[in-house]
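Notes for the one structure printed next.
The values are calculated or read from the model by the stated rules, or taken from the named source; none is laboratory data. On a predicted model such as this, the values are computed, not experimentally measured, just so you know. Cβ coordinates were reconstructed from backbone atoms using ideal geometry, including for glycine residues, and neighbour counts include every protein chain displayed. Only protein heavy atoms, including side chains, enter the accessible area calculation; ligands, DNA and RNA are left aside. Shrake-Rupley method; radii C 1.70, N 1.55, O 1.52, S 1.80 Å.
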Amino acid sequence: MDADVQDVDKASALTILTMEHNTLQMIRTATITDATGRAGHLLTTISASMIALGFVAQVVSTAVLLTLMLVVFAALFLIGLATLFRTVELSIEDVQAGLGINRIRAVYAELEPSTRDVFVRQMHDDTLGVGVDSGQTGWRKARRPRLIGTALGVSGLVNLVNGLTSAVIAGAAAGLLGAGLAWSIVLASVVAVAVISGFGIALGRIGRRGVAPITTRYPRNHPN
């Protein structure tokens, strides 16, 4: 009788875990689709704005063009900020789902030890485990491979685009104030580096806080 109960409990647990696994996988798919879609819309908007400014540049003075660039790219920067923070939220949600999937794999291995060697993906529910599944540890000579992986993600791309957008704003403002081309380029470069670095650090902290509430049950030193 006890064996029958255990079999029923094990079957029920596997059913529940499988359903949760599928749900988390759908969440990961949705977050990736949403993030790439938002980044694509941002790049499309910037491209359309640059084409429009290219046509306008043929019929207006330099001062008017710089003013239009300042206004248009300021609006694009605000759109980029909204996109950036949303993609970071989606990245946090994706990592959370990845942690859940890795934990479920570990439970699979506990329920059926013979499957432990079958999984090629990670069974450790920590951020490093999710990073390994994302291929971030492929940077063998890098001191902080997860930092590189984050920078190459969708939020890193949006952060880079926002930095370049802020550089255009700074360059246009410098041109309107009478600065020469060389000084405008220098100012734009400094602003771009400052924006990319500042938001990169801030977003990294937001990401760490986003996954901090999730406890780790199967760290890398776990038998699984």
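Pairing each residue of region 213-224 that is within 14 Å of G129 (Cα to Cα) with any residue that is at pLDDT below 85, provided the two are 6+ apart or on different chains, yields C-beta distances under 8 Å for Y218/N224; R220/L128; R220/G129; N224/R116. Does T15 satisfy the criteria of being at pLDDT 95 or above and out of contact with any Leu (no Cβ under 6 Å at 6 or more places or on another chain)? No, not satisfied. Within region 16-41, the set of residues being surrounded by 15 or more Cβ atoms within 10 Å (Cβ to Cβ) and more than 24 Å from R105 (Cα to Cα) comprises D34, A35, R38, A39. Is at least one residue of region 76-84 of a type in the set (S, T, Y), touching a Gly at 6+ places or on another chain (Cβ under 7 Å) and at pLDDT 90 or above? No, that holds for no residue.
When T29 is tested against (1) in contact with a Phe, Trp or Tyr (Cβ under 9 Å, 6 or more places away or on another chain); (2) farther than 19 Å from T165 by Cβ, only condition (1) is not met.
Using the structure shown, decide if R103 is among the basic types (K, R), open to solvent by 70 Å² or more (accessible area, probe 1.4 Å), assigned to a helix (DSSP H, G or I) and under 24 Å from I32 (Cβ atoms). It would help to see each step written out before you state the result.
On the way: among the basic types (K, R): yes; open to solvent by 70 Å² or more (accessible area, probe 1.4 Å): no; assigned to a helix (DSSP H, G or I): yes; under 24 Å from I32 (Cβ atoms): yes.
Against the criterion (among the basic types (K, R), open to solvent by 70 Å² or more (accessible area, probe 1.4 Å), assigned to a helix (DSSP H, G or I) and under 24 Å from I32 (Cβ atoms)), R103 does not qualify.
Inside region 172-206, can you point out the residues that are open to solvent by 70 Å² or more (accessible area, probe 1.4 Å) and under 30 Å from N102 (Cα atoms)? Within region 172-206, I201, R205 meet the criteria. Just name the residue that is nearest to the chain's Cα centre (by Cα) out of those in region 207-224 that are under 19 Å from V158 (Cβ atoms) and surrounded by 15 or more Cβ atoms within 10 Å (Cβ to Cβ). Per the criteria, the residue is G207.
Of the residues making up region 62-88, those that are closer than 26 Å to L181 by Cβ, open to solvent by 60 Å² or more (accessible area, probe 1.4 Å) and free of Cβ contacts under 8 Å to residues at least 24 places away in the same chain number 3. Residues being under 22 Å from A170 (Cα atoms), over 14 Å from the mean Cα position of the chain (by Cα) and open to solvent by 70 Å² or more (accessible area, probe 1.4 Å) are entirely absent from region 111-131.
Scanning region 187-198 turns up no residue that is at pLDDT below 90 and out of contact with any Asp or Glu (no Cβ under 8 Å at 6 or more places or on another chain). The residue pairs whose first member lies in region 97-109 and is in contact (Cβ under 8 Å) with a residue 40 or more places away in the chain and within 17 Å of P213 (Cβ to Cβ), whose second member is of a type in the set (K, R) and in a helix (DSSP H, G or I), and whose beta carbons are closer than 9 Å, counting only pairs six or more residues apart or on different chains, are A97/R28; G98/R28.
Scoring S47 on the criteria (1) polar (S, T, N, Q); (2) modelled with pLDDT of 95 or more; (3) surrounded by 15 or more Cβ atoms within 10 Å (Cβ to Cβ) leaves a single failure, condition (3).
Whenever a residue of region 150-167 is closer than 14 Å to S197 by Cβ, its partners that are hydroxyl-bearing (S, T, Y) and assigned to a helix (DSSP H, G or I), lying with C-beta atoms within less than 7 angstrom and at least six residues away or across chains, give the pairs G156/T150; A167/S189.
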